[in-house]
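Peer 1: Let me give you the structure first, and then I'll get to my questions.
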Amino acid sequence: MHLPDLIADLGLILAAAGITTLIFKKIKQPLVLGYIIAGLLVGSHLTFLPSVTDTKSINIWGEIGVIFLLFSLGLEFSFKKLVKVGGSASITAIVKVLFIILAGYLLGKAMGWSDMDSLFMGGILSISSTMIAIKAFEELGLKHKKFAGLVFGVLIVEDLLAILLLVLFSTLAVSQQSAGTEMVLSILKLAFFLVLWFLGGIFLIPSFLKATKKLMNDETMLVVSLALCLIMVLLADQVGFSPALGAFIMGSILAETTQAERIEHLTKSVKDLFAAVFFVSVGMLIDPEMLVKYAVPIIFATLVIILGKILFTILGALLSGQPLKTSVQSGLSLAQIGEFSFIIASLGLTLKVTSDFLYPIAVAAAAITTFTSPYLIKLADPFYGFLKRVLPQKWQDGIDRYSTSTEGIVTLSDWKILLRSYISNTIIHSVIIIAIIFLAFRYVQPFIDRNITNSLVSIIISIIASFILMAPFLWALSIRRIQKTAYSHLWLNKKYTRGPLIAIEFFRVALGIFFVGFLMYEFFDTWVAAGIAIVLIVSGMVIFSRKLQSFYDKLEKRFILNLNARENQKPAILPWDTHLAELTVSPESEVVGRTLASLMIREKYGVNIAMIERGRNNIPTPGRDERLYPNDKLLLIGTDDQLAAVKSVLEIEIPETEQEKNFPDKEMSLQKVVINYESPVYGLSIRNAGIREKAQALIVGIERGADKILNPSSDFVFDNGDVIWIVGNNKKIKAVI
C-alpha cells in the first residue's frame, strides 16, 4: 500500500516542529522561531535532510493555519476592548503604523525597489507581534505593570489596522491605475460589513449559544465554534474580503459571549496545530542563498523595526498624553514584527505584485527582532534612566505638564454627547436598512417570483415583507428620541441652538424617507407608484409608532443583554502612579496561613488589598484577621515598584501554562467621589464615618487641593471639595456616601 505524500509530509513537518519546539523551550526562546527553523530544515532549499514533496497541500494547510490563528486572535480581541483601550492606545498605534509604513517605503525606494515592493515592505514592518509581546510579558512577569495596559491596547488597535492594510493592499494590487476611488470604496465596504456582522453576530450568536447551552458538551462546542468560524470565512470570501478577515470577525463576535473562555480553551489545540503548520510553511519559503544575497536589506529592515518602532511608539504615546516612563517602556516592548507581517508578505506573493526576495527578508527580520524583543523590554527602565539624565529639564517639565493636562480632559459638552449619539444611531440603522433592501431585492423577490406568477402580487408581497423587517429600524432612525437630557438642555437653555436641532431632526426624517424611496425604486418602474407607496408606508409608521417603539425596545434590550453578557469592565485608574493589579498566592509562599495583621503588607509595601477571591467566594476589603491560603487571588492597589516588591513575596513560582483570569465580581470597582457640605460623611473622620463597615469599601487615596494623600490614616477628617478614591461595591458606596 502506497502512503500518500501528504501524510508523509505532515509527519515530517510535525517531527521537525516537535524537536525544534523542545530545543527552543529549553533555551527559552519563542516557539515561532523554532517552527520557522523547522520549515527551513525540511524545505526544498536544504538537501542534506529529508524534504517535503507535496508543497501545494502543505500551503493549503498553512492557509487553514492562518484562518485559525486569526480566529484565536479575534477571541482575544473583542470589539468592546477596542472601545475600552481609549484614545491613548489608538493615537499611539496610528502614529507608529503610519510613520513605519513611510519609513519602510522610503527604505525600499532607496534600494531601488518598485512602488509595490516598497509599500508592502512598509506594511510588513509596521505591525508588531501580539503573540510575541504577550508571551514575553508573561515570561518576564510584567503583566501587572501599569504600561502593560497601554501596550496591549496598542496591539489591539494594530490588529484592526492590519486587517485594514490587507484590504487596502489588495485593492492597490488589483487596480494600481485608479487606486484612490477603489480604496475609499473598499474602506466603506469594510466598515459596512464590520458593522453589519457585529450587530447581527451579537444579536444572534449569544442567543443561539444560550438556547443550546444544555446540549453543548466540549465536543459539540468545538464543532459548533469551528463551524461558525468557517461560515464567516465563507461569507467574507463571498463579499470579496480575505478568508482571514472572516475568521477574525467571528472570533471577535464570540469574544463577546459568555462562552468565550471555553471556546478559546477548546480551540487552542486546533489553532496550535495548524498555526505550527503555517509557521513551518513560512520557514519552507526561506532560501539561505537569498538571505546571504539580501543581507544588507535585512539589516536595514531590522534597524527600521527596532529603532523606528521605539522612536515612533514613544512619540505617539507622548502625543496621547502618556508620561515619559510609560512611553519609553511601551516603545521598547513593541520593537518586533510577527504573524500579521507574514500574512501581509504572503498576500503580496499570492497576488503576484511583490518580488520573491521580500518574503525571506520579512521572515529574517522577524526572526532577529523576536530574539531581541525580550532583551529590549528588560532595557526599558535603564533606558528611561538614561533619558532622564540626558534630556534637558525643561523638556521633561514640558512633557509632565502636557501629560497632566491631558488627564483631566474627560468632560463632554451636551453638543458632543448629542452628536455622538446621533451619528452612531444613524450609522447603525442605515447599515441595517441598506442590508435589508439588498437582501429583499436579490433574494426575497426572486424567490417569490419563482413561486407566484402574477408579477404585481409578487412585488407587493416583497415590499410588505421588506417593510416589516425595516419598520423598527426606520422608526429608530427617524423618529426615536435620543439623549433626551442633553437635547432638553440645548433646546431650553440656549435658544440659538434650536435651529441646528431642527435641522438635525429634519435630516433624520429625510433620510428615513430616502431609504423608503430607495426600496420603492428597486421594485417600481414609475415614480408615481413609488410616491403613493411612500405616502402609505410613512402614514403606517406614524399610526403604528407605539407598537414599533415597543418592538424595537425589545430588540434593543436583547442586543444590550447579549453585548454585556461578558461584561468585564476594568477598574478606573488613580490619577497618580497607583493602579490595580491581580496577583495569586503561590502554595510555596511564606504568607500562606498567616493573617493580614501579621503580614503587615500595607505597612511594609504600601499596598492595599481590595479583595480576595477564594474559589467561588469573594472577600471584599478583608479584615486584619483574614488569613491567606494557597491560590488565593488578590486584587491589590499600589505603584509599579510596590506591586513588584509584593509580587516577589506572593508569587514564588508561576507555571507557564497558568493563565491570568479576571475577577468575576463586576460590582467591585475603583471610584472617585467628591465630598460636599451635604455629604453624609462631611466633617467626620474615616474611622467615625464607618465606610469600611457599612459599604465594605476601602479608601486608598484622597486629593485635597494640590495634595495627594495615599493610604490616609483613619483620623483623617473629610472636608468640602475632598476627592476620595475608594474601592468597593458600587451600590453600597452610593448608599453610604
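The values are calculated or read from the model by the stated rules, or taken from the named source; none is laboratory data. Predicted, not measured: the structure shown is a model, and the values here were computed from it. FYI the Cβ positions are ideal-geometry reconstructions off the backbone, even for glycines, and counts take in every protein chain you see. Protein only, heavy atoms only, side chains kept; ligands, DNA and RNA dropped before computing areas. Shrake-Rupley method; radii C 1.70, N 1.55, O 1.52, S 1.80 Å.
Peer 1: Take the residues of segment 158-172 that are open to solvent by less than 10 Å² (accessible area, probe 1.4 Å) and aliphatic (A, V, I, L, M): which is nearest to ALA133 (Cα to Cα)?
Peer 2: Result: ALA162.
Peer 1: Just a yes or no: is a residue in segment 629-641 under 30 Å from THR326 (Cα atoms), open to solvent by 60 Å² or more (accessible area, probe 1.4 Å), without any contact (Cβ under 8 Å) to a residue 12 or more places away in the chain and of a type outside the set (S, T, N, Q)? Walk me through it before giving the result.
Peer 2: Going through segment 629-641, the residues under 30 Å from THR326 (Cα atoms) turn out to be 632-641.
Keeping just the survivors that are open to solvent by 60 Å² or more (accessible area, probe 1.4 Å) gives 641.
Filter again for without any contact (Cβ under 8 Å) to a residue 12 or more places away in the chain, leaving 641.
Remaining after also requiring of a type outside the set (S, T, N, Q): 641.
Yes: segment 629-641 contains one or more residues that are under 30 Å from THR326 (Cα atoms), open to solvent by 60 Å² or more (accessible area, probe 1.4 Å), without any contact (Cβ under 8 Å) to a residue 12 or more places away in the chain and of a type outside the set (S, T, N, Q).
Peer 1: Based on what the data block shows, is VAL607 out of contact with any strand residue (DSSP E or B) (no Cβ under 9 Å at 6 or more places or on another chain), in contact (Cβ under 8 Å) with a residue 24 or more places away in the chain and of a type outside the set (S, T, N, Q)? Talk me through it step by step, then tell me what you get.
Peer 2: Values: out of contact with any strand residue (DSSP E or B) (no Cβ under 9 Å at 6 or more places or on another chain): no; in contact (Cβ under 8 Å) with a residue 24 or more places away in the chain: yes; of a type outside the set (S, T, N, Q): yes.
Judged against the criteria, VAL607 is not a match.
Peer 1: Still on this structure, I have one more. Taking the condition in a helix (DSSP H, G or I) and within 19 Å of GLY149 (Cβ to Cβ), does GLY308 pass?
Peer 2: Details: in a helix (DSSP H, G or I): yes; within 19 Å of GLY149 (Cβ to Cβ): no.
For GLY308, the condition - in a helix (DSSP H, G or I) and within 19 Å of GLY149 (Cβ to Cβ) - is not met.
Peer 1: Testing LEU82 on (1) open to solvent by 40 Å² or more (accessible area, probe 1.4 Å); (2) modelled with pLDDT of 75 or more; (3) of a type outside the set (Phe, Trp, Tyr); (4) in contact with a helix residue (DSSP H, G or I) (Cβ under 9 Å, 6 or more places away or on another chain), one condition comes back false. Which one is that?
Peer 2: (2)
Peer 1: Checking the conditions here, which among LYS309, LYS352 is buried (at least 21 other Cβ atoms within 10 Å of the Cβ) and among the charged types (D, E, K, R)? Explain how you work it out, then say what you get.
Peer 2: Working: LYS352 fails: buried (at least 21 other Cβ atoms within 10 Å of the Cβ).
It is LYS309.
Peer 1: Okay, next question. Consider GLY283 against the criteria (1) free of Cβ contacts under 8 Å to residues at least 40 places away in the same chain; (2) open to solvent by less than 20 Å² (accessible area, probe 1.4 Å): it satisfies all of them except one. Which criterion is unmet?
Peer 2: (1)
Peer 1: Consider LYS143 against the criteria (1) modelled with pLDDT under 75; (2) buried (at least 20 other Cβ atoms within 10 Å of the Cβ): it satisfies all of them except one. Which criterion is unmet?
Peer 2: It fails just one condition, (2).
Peer 1: Same structure, new question: Scanning segment 618-642 for residues that are under 27 Å from the mean Cα position of the chain (by Cα) and more than 19 Å from ILE726 (Cβ to Cβ), which turns out modelled with the highest pLDDT? Spell out how you get there, then give the answer.
Peer 2: Start the filter on segment 618-642 by keeping residues that are under 27 Å from the mean Cα position of the chain (by Cα), which leaves 633-640.
With more than 19 Å from ILE726 (Cβ to Cβ) added as a condition, the list becomes 633, 640.
Details: LYS633: 87, ASP640: 72.
For segment 618-642, the residue satisfying everything is LYS633.
Peer 1: Do we find a residue being open to solvent by 30 Å² or more (accessible area, probe 1.4 Å), more than 28 Å from the chain's Cα centre (by Cα), of a type outside the set (Val, Ile, Thr) and modelled with pLDDT under 85 anywhere in segment 62-71?
Peer 2: Here is the first cut: in segment 62-71, the ones open to solvent by 30 Å² or more (accessible area, probe 1.4 Å) are 63-64.
From the residues that got through so far, the ones that are more than 28 Å from the chain's Cα centre (by Cα) too are none.
The answer is no; no qualifying residue exists.
Peer 1: Now, a different point. Looking only at segment 1-20, count every residue that is open to solvent by less than 30 Å² (accessible area, probe 1.4 Å) and in contact (Cβ under 8 Å) with a residue 24 or more places away in the chain and tell me the total.
Peer 2: Qualifying residue count for the region: 4.
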